[in-house]
Structure formats: structure tokens, C-alpha cells
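Rule-based calculations on the coordinates, nothing more; no lab input. Just so it is clear, the model here is predicted, and its values are computed rather than measured. Cβ coordinates were reconstructed from backbone atoms using ideal geometry, including for glycine residues, and neighbour counts include every protein chain displayed.
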Amino acid sequence: MQQHLTYFDYAATTPVRPEAAAALADALGQFGNPSSRYEFGREAARRVKEHRDAVAEAFGCSPSELFFTSCGTEGDNWAIRAALHQNRRVGKHIVTTAVEHSAVLQCVKQLEREGYTASYVKPDGEGHISAEAVLNAVREDTALVSVMLVNNETGARLPVEEIAALLRDRPALLHTDAVQGFLKVPFTAAGLGADYAVISAHKVGGPKGAGALYIGGRAKNTLPLLFGGGQQNGLRSGTENVPGIAGISLAAKMIYQDLDVKVARMRRLKQRFIKGVSQIEDTVIHGLYDETSAPHIISVGFAGIRSEVLLHALEEKGIYVSSGSACSSNHPQVSGVLKGIGARQEFLDATLRFSMSEFTTPQEIDYTLDTLYNIVPNLRKYTRR
Ligand code: PLP
């Protein structure tokens, strides 16, 4: 890896914050099992409780509604199966969107193989999905509605609260994948009105392999994910990943301080980047990028240049971005999200996602823009259009 790196792929993963790394190392040293009866086991249990309180505060729910998981994917899979189990007498129909992360889409595909049916609501040309469009897909036998809070490719913010309100007198339970929205757009897990909401540590400066699921609202008698020693209220057995839990807790605590200021700063940088990149001919910004969108994700199509080619040309200059949804797979394929929002054919395989964090600087934005001004026209010389 080059010494100076301009990292523009925070939606794929983030560096572990020093405070989170220190808490994680400390928890490795304090190795007690939270279920043990002697003092240093009880000390580990006390720490898990403190961390649960801290994550619950940042996520906006009560600590009793928060369950630590091994990742966002686990939370999504668990919530979906738990909702269908609770509503097994309602029916076997699922409503979701065509732009969900594969942690949801592939889980729903598997459920279709198991005998469920699913409707996939498509976004409009700006990447927006209205609450009414979701409600129109809901039937009497719909047991679950799953709609993400922030899309990981375009940054579009979906109207989860409105959907929750419209579903209030329907039996369908509501799950939201809030992985890209957590500590980026203002919300509280309880305030969303969803019955399940999911977050992941490594998107917010915590370690990989840790996440959390909010179970609240109308969710009840939740189907345990793992059966065993009865940890986490019997719903997710298995000795708690105390270092991972310490990591997500410290990371969330650090970002949560002055969050408004950080978000406003990211939004200014996003506008600066959009203004600059729009000066390059034949580029398009996918989806809505107004105040409703997430402040950290920008999806840009560069007509005539394959994303892989531009990605590696940027890498040579020490700039790291992703093509499509890199956090979910390393198999290059045309993005279902871009197709879903009706992106023109010439942009389908010619789009990069730039994603930022509170640590991104104006200098990094300007360096990336200058680099694009140089390499995009050069690369286009060698492509037939
Ligand atoms: N959901 C969204 C929207 C994501 O961007 C990701 C990213 O990978 C996930 C779920 C999966 O999270 P994890 O990598 O923790 O399993």
C-alpha cells in the first residue's frame, strides 16, 4: 500500500478509530467470560452492560432492545427470519425493494426458494422509493416489509418512518437495514417506527465482526438466532464478543459527540466534490443528492470509461474508491441499484462510488478532483464511444 492514501471508500469499511482499538485491546487483556461467577467474569459482564448502554444511546433505543451480533448481515438475516416466524399465520409474502444490500436481497431469495413469495419495489429515476409505492405492494398475506434506511450505492435516504406509519394498522412487521444510515443521517431506532433495525461496527470506526440488532416496536416472542447458553436474554446464545462490543461502543461514542457538526462538514465536502466533478464532461451523479440524502456517499458515472479501469488508475495515484457495491462482493457485476434507478446503459459499467467520513479533508477532495481532471480525458482517448 502506498504511503499517502486518499481513502474514499468509507462506505465499504472504515479504519478502526484509535479509541476503539484501545478499548478492544483492553478487553482482550480483561479476558473474563461475562457469564462467570467470579469477580473478573462479573467485571466483563459489567463492561458489556456499559457498552450496551452506550450503543443503545447512539442508536436511540433502550438497552433491553439491543442485541449484539457478529455483523450487519447477521442482523438482517435474523430480523427477517424472526419477523416471518412471528407472523407465520399472516402469510408467506415479503415486500422489499430492488435496491437492498445483498444481506437482505440474498436472504429473501433464499426464502423464495423455501416457498415464500416476494415483491421488489423499484425506485424512480432519482433513486427514490415512496412510502405509497411500498404500501401498494403490501397484501393481506404480507408478513414482512424490509426497506433500508440509506442506500449503500447512491446514498438515497428512504422514507422508513412514513412506511412505518402506513403499516400501523396492517399485520406486516417492518425491518430496516440502517447500516449506512447509522451516525450519518439523523434518526433514532425507536423513532423510526420499525420493529427491527440493524447496524454494523466497521462502517463507523469499529472493528469488523461486530454489529447490533434493535428489536422493538411490535416484535414479540422473538425467534432466537442461536440456541445455547442463554446469553443475550436467550435470543442470541454464545459467549459475547467482548472486544468487538467494546470496539463498536467506543466508536459509536466518539462519532456521536458533535455529530451535527460532523455531518454538516461532510455535507459541505460532498457539495464541493459534486460541484467539481460535474465540470467533467459526460458525467452524471446518480440519485438524489439533496439534503435528504446521506452526507457521505456520492455515485458518479463517467461515460466511456469502465469503472474497473478508472478505479485502478485512481489507485495508482493513491486514491481508493469502489465500483458498484464493493462492500458486498468482489465479483465485478453490473449494479442492480443503478439498473433499478434507470441509469443509462453507458453508465452501468462506468460508475464509481466515492464515500467519505468525518476525517475526509478539503485537500483530499481537491486532490481527487485534480487527478480526475487529468486522467478522465486521457482514458477517454483510448475508448471507442
Ligand atoms: N447493509 C448495508 C447497507 C451495507 O452497506 C453493508 C455493508 O457491507 C451490510 C448491510 C453488511 O454489513 P456487514 O459487512 O457488517 O455484514
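Observations, loosely collected:
- Taken one residue at a time, the phi angles of the range 67-78 give Karplus couplings (6.51, -1.76, 1.60, θ = phi - 60°) of 10, 6, 10, 8, 4, x, 4, 4, x, 4, 4, 5 Hz. Gly and Pro are set to x.
- Dipole of the range 232-341, positive direction: furthest Cα of 249, 287, 309, with charges on the beta-carbon: 249
- Spatially proximal aspartates and glutamates relative to residue 49 (Cα-Cα < 13 Å; intrachain offsets below 8 disregarded): 57, 65, 240
- Order of 266, 356 - criterion: other Cβ atoms within 10 Å of each residue's Cβ, fewest first: 266, 356
- Within a Gaussian network of the chain (alpha carbon springs, distance under 10 Å), most fluctuating of 287, 230, 304: 230
- Within the range 1-159: Cβ-based charge dipole about Cα centre, in debye rounded to nearest 20 (Lys, Arg +1; Asp, Glu -1): 540 debye
- Partner lysines for residue 270 [C-alpha distance under 29 Å; skip if fewer than 8 residues away on the same chain]: 122, 184, 203, 208, 253, 262, 317, 339, 381
- Antiparallel bridges, percent of DSSP beta bridges restricted to the chain (to nearest 5): 50 percent
- For residue 101, residues with placed amide H under 5 Å, excluding near neighbours: none
- Lys, Arg +1 and Asp, Glu -1 on Cβ, resulting dipole of the chain about Cα centre, debye, nearest 20: 440 debye
- Between the alpha-carbon centres of the range 194-249 and the range 339-372 there is a gap of 32 Å.
- Dividing the helix sum by the residues of the chain, where each DSSP H run of 4 or more adds -39500 (n - 2.57), gives a mean residue ellipticity at 222 nm of -12000 deg cm²/dmol.
- Cα-based Kirkwood hydrodynamic radius, the chain, one decimal, Å: 21.6 Å
- Selected from 292, 188, 96 as most flexible by GNM, with the chain as the system and alpha-carbon contacts under 10 Å: 292
- As a calculated quantity, the FRET efficiency between residue 256 and residue 348 at R0 = 30 Å, using C-beta atoms, amounts to about 0.20.
- Taking Cα centre as origin and charging only the Cβ of basic (Lys, Arg, +1) and acidic (Asp, Glu, -1) residues, the dipole magnitude of the range 90-129 rounds to 180 debye.
- Panel values: the range 208-351, Kirkwood radius from alpha carbon pairs, Stokes-Einstein at 20 °C and 1.002 mPa s, translational diffusion coefficient 113 µm²/s.
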